[in-house]
1. Can you give me the three principal axis dimensions of the protein assembly as shown from its C-alpha atoms, in Å, biggest first?
2. B:Thr493 label point, 7 Å along Cα→Cβ, cut-off 14 Å on backbone N: hits in region B:70-113?
3. For region A:209-225 and region A:169-201, write down the distance between their C-alpha centroids in whole Å.
4. Whole-Å semi-axes of region A:173-218's equivalent ellipsoid, largest first, each the root of 5 times a Cα gyration tensor eigenvalue?
5. Using 0.36 nm per residue, how much length does the chain from A:Leu300 to A:Arg207 gain when fully extended, once their Cα-Cα distance is taken away?
6. For region B:424-497, restrict the atom set to alpha-carbon positions and state the Rg and Dmax in Å.
7. Can you grab the distance from the C-alpha centre of region A:82-101 to the C-alpha centre of region B:358-435, Å, no decimals?
8. Dipole of region A:164-284, Cα-centred, from +1 at each Lys and Arg C-beta and -1 at each Asp and Glu C-beta, to the nearest 20 debye?
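The values are calculated or read from the model by the stated rules, or taken from the named source; none is laboratory data. The structure presented is a predicted model; accordingly, all values stated were derived computationally and were not measured. All Cβ positions, even for glycine, are placed from backbone atoms using ideal geometry, and neighbour counts span all protein chains on display. These area figures cover heavy atoms from the full protein model, side chains too; ligands, DNA and RNA do not enter into them. Shrake-Rupley method; radii C 1.70, N 1.55, O 1.52, S 1.80 Å.
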Amino acid sequence: MGRYVIRRLLQMIPVFIGTTLLIFLMVNIQGDPIAGLCGDKQCDPATITQLRKDFGLDKPLWQQYLTYMGHVFSGNFGTAFNGEKVIDLMGSAFPVTIRLTLVAIVFELIIGIVFGVITGLRRGSFVDTGVLLLTLVVIAVPTFVTGLLAQLLLGVKWNIIEPSVSSEAPLDELIVPGLVLASVSLAYVTRLTRTSIAENARSDYVRTATAKGLPRHRVVIRHLLRNSLIPVITFIGTDIGALMGGAIVTERIFNIHGVGFQLYQGILRQNTQTVVGFVTVLVIVFLVANLLVDLLYAVLDPRIRYA
Amino acid sequence: MRGATHAKWAACTVAVALAATACGSGSSGSGSGSSSSGSSGSSGVVSASWGDPQNPLEPANTNEVQGGKVLDLIFRGLKRYNPKTAKAENALAQSITTKDAQNFNVTVKNGWTFSNGEKVTAKSFVNAWNYGAALKNNQKNASFFQYIDGYDKVHPETGKATATTMSGLKVTGAQTFTIRLSQKFSTFPDTLGYAAFSPLPQTFFTNHSAWLAKPVGNGPYQVQKYDRGSQMSLRTWKKYPGPDKARNGGVDLKVYTDNNTAYTDLVAGNLDLVDDVPANQLRNVKSDLDGRYINTPAGIIQTLAFPFYDKAWSGPNGVKLRTGISMAINRPQITETIFQKTRTPATDWTSPVLGKTGGFQAGLCGSKCTFNAAAAKKMISDAGGFPGGKLTITYNADTGSHKVWVDAVCNNINNVVGNDKACVGRPVGTFADFRNQIGQHKMTGPFRAGWQMDYPLIQDFLQPLYFTGASSNDGQFSNPQFDKLVNQANAETDEAKAVKTFQQAEGVVRDQMAAVPLWYQNGSAGFSDKISNVALNPFSVPVYNEIKVG
């Protein structure tokens, strides 16, 4: 187990370097970011030269990258164009997005798995067809449509929620945006659980457990569900990263000042420091989430061992 | 009928929202406000939409609208532009006098302080200006100080600065100082209303990061709390000595990720003021807000600029070609159908906010800016057609929905020349890249150019854009006659005569068609029924201190 974890951690290094380098190149390929700082006017050339020097943009790209990575390893993510430290931006953005992601994941877990189990156990029933249709609709409708509809109906027409989330972004205000963010993944979790449950429901160990006279809820939860969760956990694990980075649409609609908002602004202003910094953290989140998923396998299915 | 139901809706939602959030300040504020006539800080607070400022919030470093809003709330300079007439009026200046349009004596009014109690003196200005001009401070508005003598020493084009203060600024007393310019510039005092010329307190220099976290100024409001990237709460500064005291308890500027969300919040009653109504809501705005919508001209003009560094465009047939293009554009049609009348067809190269006395001349462009398919076609073919048979209009695709109007303009031109492949838009991915390509002189055809005035002077619409080698002369237009007239106008001590001479210079711009004027941009705003007396100033920033709550 320990060796497995170390091997996985070591594997992260090339992935980490590769992704950051790619992002670094992609942001830089768009051209000189300083040119856009003065609006429709020409910046005065002396200030441009000075700013370029201050941000290290006068050096060759490989050197910029090396310096940047050197700083990152000492915990310095640089300064955004508005004079704020990127680490401070992260400090304000990540907690919000993590809260939003948690809300989304909780919805995925609870609603997705419950619907999945119910439909998996009652295949072909009225409930199954209904949920099947519903998931298809949710998957087919883009998030921004769901989001804008929820905002318009719940926020403006029925006045159940506030149409925008306040800057503190407390949990209760994040329920609807979280649900919107979770919607598509939620549908996938439902479908995945359903298939997995349906497949395992006919397996020998379930029949044995039932034959032993175990109560039905115990058979379903301890035996059937536990073995059926592996694909679902895999999906949710990868989804954590996707939700955090992909919350941009939801965050824009509901005015949430999270990672998506900062990334969007960073890209629009071509702020290498912000974009690479945020993506670096997202990459780490993604990698760690995947590692945790792999480790969870052993808990769910003791036959899986990491030598 | 629709409008009426919408209004009822808005009123209901506002009432419910008030009740739901148990927002006592709204109702009690109006009560106390009437008894103590607005001076009490407990009267209502205006919540307004805001965008994250692009640069650090320093007066000489802020060159866009979002940061500018804050500066307008917390700073007052020597002059202030009248929110209605755009005239520069004395604010902190007791007097600014000159005999030769080059040396100025300034007396700062007594009795003004910063909100931390520090007195505003001549030094507060001189130190601030020296800070703004110094190269090492990277201030993006440094060039505003370029006319002051000694600027080239503290801010050389290349190399290191050889001085830390400008020799043209001398403190002569507690409240007096002198300015010496490096050239004659009669309307210079009128530029001093620009935020870059604001005074700064000592704490700005001694504890810079603390100041940035919570800016201290001398305006009608003080910053109560600033959460970067999400909200700035400003409250009325009760001891503000100026005549333009705040008529409300304060302003909460809320950062919105999207102006559509801000608009939704306004309709739902969670927000009082939106100063950027999204384009796709313009159709509903009248019924949604029941008349609580403003659409007034701002000091912004959009033009098509040309690459005069390219032989194809600067050649002998250039004038005909550029005029032909101008006449091929159906401005009223585009401003009505695409912009829903939030733009006004341009008929000169300045802006209506200047007013007649300020130099605005409606119809100066005349037939050259009026759609005339036959004449345009003849002009273009007389000029030998487009260089290479093709016309590309470059624009940035990331903001401002420029694609829509560029396509419409091209469509106009294609119809005129009878070739639907003659004109195409050339999008550039980001604004920074667009500016970059312009700066490197890579344009091969006309490109989008927008100009937002820094101060309401005709000089600001002409000199930076068309003077040889000027800072924003992106197309490198150069005309000795124009340069001569501008220099003459700047040396003119009589303001009316100066304006006249600038108008003659504008005549040169017209005859040469140095840029094709497209339309004047309006500022648009919508507000809730909780507030009244809302207006936009000539810079399209809401006049926050005049807003009444309740």
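1. Projected onto the principal axes, the Cα atoms of the protein assembly as shown cover 108, 71, 65 Å.
2. The answer is B:97-105, whose backbone nitrogens lie closer than 14 Å to the label point.
3. Cα centroid to Cα centroid, the span is 25 Å.
4. Equivalent-ellipsoid dimensions as semi-axes: 34, 13, 4 Å.
5. Answer, rounded to one decimal: 31.5 nm.
6. 15.0, 47
7. So the separation of the two Cα centres works out to 43 Å.
8. Once rounded to the nearest 20, the dipole reads 780 debye.
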